[in-house]
Each structure stands twice: as C-alpha cells, then as structure tokens.
Amino acid sequence: MEPSRVQPETAGAALHPEGGAALRLTGITKRFPGVLANDAVSLDVRKGEILGLLGENGAGKSTLMNIVYGLYKPDGGEIEVNGSTVDISSPQQALELGIGMVHQHFMLVPDMTVAENIALAPSLLPGLSRVKDVERDVGEISRRFRLDVDPGAVVEDLTVGARQRVEIVKLLYRGADLLILDEPTAALTPTEWHELSRFLRSMADDGRSIIFITHKLDELFGLVDRCTVLRDGRVVDTVNIADTDKPSLAKMMVGRTVTLRVERPIVEPGKPVLEVKGLSVADEDGRRMLDDIAFQVRAGEVFGVAGVAGNGQDELVQALLGLVTTDSGEIWLHGERIDDCSPQVFTAAGGAIVPEDRHHEGIALELSVLDNLLMKEYQSPRYSKRGVIDFNASRKHADELIRHYQVRTAGVSLPARQLSGGNQQKLVLARELSRDPRLVIAFQPTRGLDVGAIEFVYGQLNERKKEGTAILLISYELDEIFTMADRFAVMVGGRFLEVLEGGQADPERVGLLMGGAEDGAP
Ligand SMILES: Nc1ncnc2c1ncn2[C@@H]1O[C@H](COP(=O)(O)OP(=O)(O)O)[C@@H](O)[C@H]1O
Ligand SMILES: [Mg+2]
C-alpha cells in the first residue's frame, strides 16, 4: 500500500485506539554495577501507533530498548509481543518476532553497497548470491515508503540521513513491524528530520508500531501519539500527546529537582544585612523548635538553609517576621533589632518575604491584581494623599510591575485567584522585590512551579542579589540550594549543623547531614 493512498478510516493510531498491544513490557528491571538502570518499567505500544520514549540522558531509555532487542538480559519483568509472553535473547530472535532497532550508532559496513549490507546481515534470507534479489526488494521497499535509498550506492558515500534510511530499509526488508529508533535525529538536517517524521507516520498508518526515543521535547509534538516518560530508570507517566504540553513534559522528565540553566552570579558580598545571634524558640509544650541559631546574610549574598521540612524552617521564618516569641537571642536587620516585633517592623526595616504558602500568606485571592501589588505600599505618599488613594498613580505602577515581572493577567482588576500558580508567584515577587528590599526571605519560592517559571524566579532573585540585596533562601529542594546559594546551612532538629560554601559542597554528604548523620558519614 502506498502511504499516500492510505484510507482515512485506517489512518492514524487515534482511529484504532483498540489496535491491541504490539509490545507490552511489565515490570522490567535491569541492574548494572551500582546503577538501577530500569526499575520495574511497564509500558505498551499499540499497533498503528508512534510511542515517544522521553527521558534525560541516563534515564534508562537505551537500556530498556536493548533489552527488547535481545542485547541485554533483564533481571526481572516480562515481555509480551502480540499478546504472547516471549524470551528475547538475541537481535536475531527480536527480528523473528518483528522487532527492529536502529541504534544511536549505525552498524553498516562502509565500503559495501546498500544491497550488500542488507544481504550480508543475518536475516531470514541469508546469502550473498541473493544480492540481485535484495537490490530489487530494497528498491521496492524504498519506493513504497518513499525512503529514497539507492540499493547500488556505496555506504561510505552516503550522508548520515541516508545511512539511517538504509538501516530502516534493512529492518523492513527483514520483516520488522515494530521499529525502535534510538535518538534518531541527532545528526539529521531539518529536511531529513521532516522526511523521517513523515515516513514514521506512514509506517504507523500502515498498521505498524514505532518507538521513538528522544530527550528533545520539540520532536514529540506533531509526531507521536502517546509518550512514556522515564526518569531515573522509572516510568513517571504515559500521556496522550494531545492532552499535554511542553512544560508538563519537561517537569515529568526532569522532576521537581531541576538542574536549570541558571548561572550563579559572583558578587563580592557587602556588610551583614541580617544578623541572627543565639536564637532559640520553644513551642507551647516547651519543646525547642529553634536551638541556638546563629548566622549572617550579607549584602549581595544568597544564604541558603537546606533541610528536610519540619526541622525548624517554619519557626525560623516566623521568628524573623516577629510572629513568634523568642526564648533567647537577637535578630538584627540593617542595624535595627527586630526580634519579637511584627511583620510591619520587619517590612519597615527593609525586609521582604516570598512565603512558602502563597495562597494564605502571599496573596489575597479575592482581591484584585492591583490591590495585591500595592497592598504594602498604599500608605506611601506616592500612591495616596492624606489617606486618599491616587488611583492613576497606583494603576500606572501596577501596569509597570506586570510588564516587568511578566505577570500574565487579562487585567489589573481581575481577582488574583484567576491567575495560574506561576503568575500568582510572579505577583508576589513583583510586590516584594520591587520595593528595593535590603533583605528578601525566599521560602520555597518555586514550589509547584513549572520549569519556565522556576527559571524566572531564580533570575529575579539573582538580579536582586546583583543589586546588593541580601537573600535568605529556605528550601527543601537540595538542587535549589545548590543552584542558588553562595553559602548555606544544613538545618536539622532546629539547629544549624554546619555552614558550607555553595560551590564546593558535596551533595551526597549534604544529603546525609540532612538525614541526621552528624558528620555526614554514612
Ligand atoms: N553497559 C552498561 N554498564 C554499566 N552501566 C550502564 C550500561 N549501560 C547503561 N548504563 C547506565 O545505566 C543508566 C541508564 O543508561 P541508558 O539506558 O544509556 O540511558 P539513556 O539511554 O536514557 O541515556 C545510566 O546510569 C548508564 O550509565
Ligand atoms: Mg540512550
């Protein structure tokens, strides 16, 4: 069947959703020394479907597919092909089951022709004497799938894209109806990529199945029907491509602990802005929630507090804001003693807070975007005269903030609850950072945000840092601390165990410290 003549009722996997599983993996596990490459992976690919297999480098994609292709033996799990459980212990066996794989690195003999390469390969029809037949068959296959492969061409004369097509034709010639392509686009030109994706679709329309491995999100849209996301050897989820978008896939792929493209600006720190000395706080039952905490945050410095939630982080923030009574110790902000004061005193001394729970502390959901932006500045003479709000001036200021902080909202009078989570957080940042604070407390500032919004938040905090603001970053995400902090403390049981240099700390040791190992040794 010519792809161009595919009947509409048979075209596209979406039209045969019950097309049955061509391949089903259940609980596939594979260990290498020191690495769990595949951890109980389950997925299926249907007939007539293109399945994307997405994951970062090292996620376990190639390992999984090499198992399916008979190159690795799994430590556990089951493979079903067309409904029957199978044991695949060689590529030859995989091919007999109709499974073909194109590897990241091709396996062709350079100084032989295309037809010779295909005839040479161990196949169901072996023998060099058949080269003429092979030439004819290859010509037919490439015409049928518009693959533009010349059977008489010598492989070493071919472009990468053409060699890839040879690999595909070789598999089709040998009867593959499930094609696995491992990161096939690495060296393709845009035109070749376009042709490849058109070819893959025509294969699927022909009732075959494709597994398309990639770590590039852009390649999935417009090509695959569903996508299985692997992270650290595990399946995060399988989604219909029509029901998802790039940010969601990115988040699934990299997880909450993102290693972002954020440079930590090097700033010569100035004078201490926040000084905490011997701070202790007890709860109602007399338990010590903060135990003799001491640290400084200097101008132009990000000081991090790493630790597992519930180790005193809430109490530390409350103490800094003046919301709990301290047992002992002192808190100085820009030369002013503020312990046991109030959030108003904290703000007046130059403090800003990006709170952990933006819905309860950061914004008033029922109030408008404008009110949320200005709620800490209404008393300023810039926006009110003798107690009467200057609506034009506030409106102008709000518009500027929305533009500068890229808050996506249909208008300043909209209630804040109608904004997305990322935009609500931008609203908080706009209000807190625009007041030129001397100190910013950022408590879990990227919780629940997608990758793009996380990068934005980091960028804004780093901008403040370059302006000389002192930043106290309290986060349960160790990667966030490593990305942002110049120095950081590890907080366990209400105490600071140790203060470390951001650039030099060993994540593993910090993880152990956070888990309560006193000296960071296992
Ligand atoms: N032959 C091998 N021996 C030891 N470790 C391996 C081997 N192949 C892969 N790994 C490890 O298994 C993990 C998954 O690798 P891989 O399947 O190649 O991921 P991906 O294809 O998603 O980049 C990685 O940590 C990798 O270093
Ligand atoms: Mg790989």
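Quick look at the values:
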quantity	calculated
Any hit, the stretch 461-473, residues being out of contact with any Phe, Trp or Tyr (no Cβ under 7 Å at 6 or more places or on another chain), modelled with pLDDT under 90 and assigned to a helix (DSSP H, G or I)	no
Odd one out for Ser90 among (1) surrounded by fewer than 18 Cβ atoms within 10 Å (Cβ to Cβ); (2) away from ligand 2 (no atom under 13 Å from the Cβ); (3) modelled with pLDDT under 90	(3)
Elements of type helices (runs of 4 or more DSSP H) in the stretch 49-158, at least 2 residues being within 16 Å of ligand 1 (Cβ to nearest atom) and closer than 24 Å to Cys227 by Cα	61-68
Residue count for the stretch 174-206, restricted to those that are over 16 Å from Arg226 (Cα atoms), within 16 Å of ligand 2 (Cβ to nearest atom) and buried (at least 22 other Cβ atoms within 10 Å of the Cβ)	1
Residue check, Pro33 within 16 Å of ligand 1 (Cβ to nearest atom), free of Cβ contacts under 8 Å to residues at least 24 places away in the same chain and not aliphatic (A, V, I, L, M)	yes
Tally, over the stretch 52-87, of residues that are surrounded by 18 or more Cβ atoms within 10 Å (Cβ to Cβ) and within 16 Å of ligand 2 (Cβ to nearest atom)	16
From Val305, Val317, Val324, Val236, residue being in the same structural domain as Arg31 (by TED's automatic domain parsing) and either surrounded by 17 or more Cβ atoms within 10 Å (Cβ to Cβ) or at pLDDT 95 or above (or both)	Val236
Matching residues, the stretch 207-218, being within 16 Å of ligand 1 (Cβ to nearest atom) and surrounded by 19 or more Cβ atoms within 10 Å (Cβ to Cβ)	Ile211, Phe212, Ile213, Thr214
Count of residues meeting criterion [of a type in the set (Gly, Ala, Ser), closer than 20 Å to Ile67 by Cβ and away from ligand 2 (no atom under 16 Å from the Cβ)] in the stretch 207-234	1
Near pairs, Cβ below 7 angstrom, 6+ apart or cross-chain, from the stretch 62-77 (farther than 7 Å from Lys30 by Cβ) to any residue that is within 13 Å of ligand 2 (Cβ to nearest atom) and part of a loop (DSSP other than H, G, I, E, B)	Asn66/Tyr72
Filtered residue count, the stretch 93-135, keeping only those that are modelled with pLDDT of 70 or more, aliphatic (A, V, I, L, M) and loosely packed, with under 15 Cβ neighbours inside 10 Å	2
Residue tally, condition away from ligand 2 (no atom under 16 Å from the Cβ) and either surrounded by 16 or more Cβ atoms within 10 Å (Cβ to Cβ) or part of a strand (DSSP E or B) (or both), over the stretch 22-35	8
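The values are calculated or read from the model by the stated rules, or taken from the named source; none is laboratory data. Remember, it's a predicted structure, so these values are computed and weren't measured experimentally. Glycine gets a Cβ as well: all are built from the backbone with ideal geometry, and neighbour counts include every protein chain shown.
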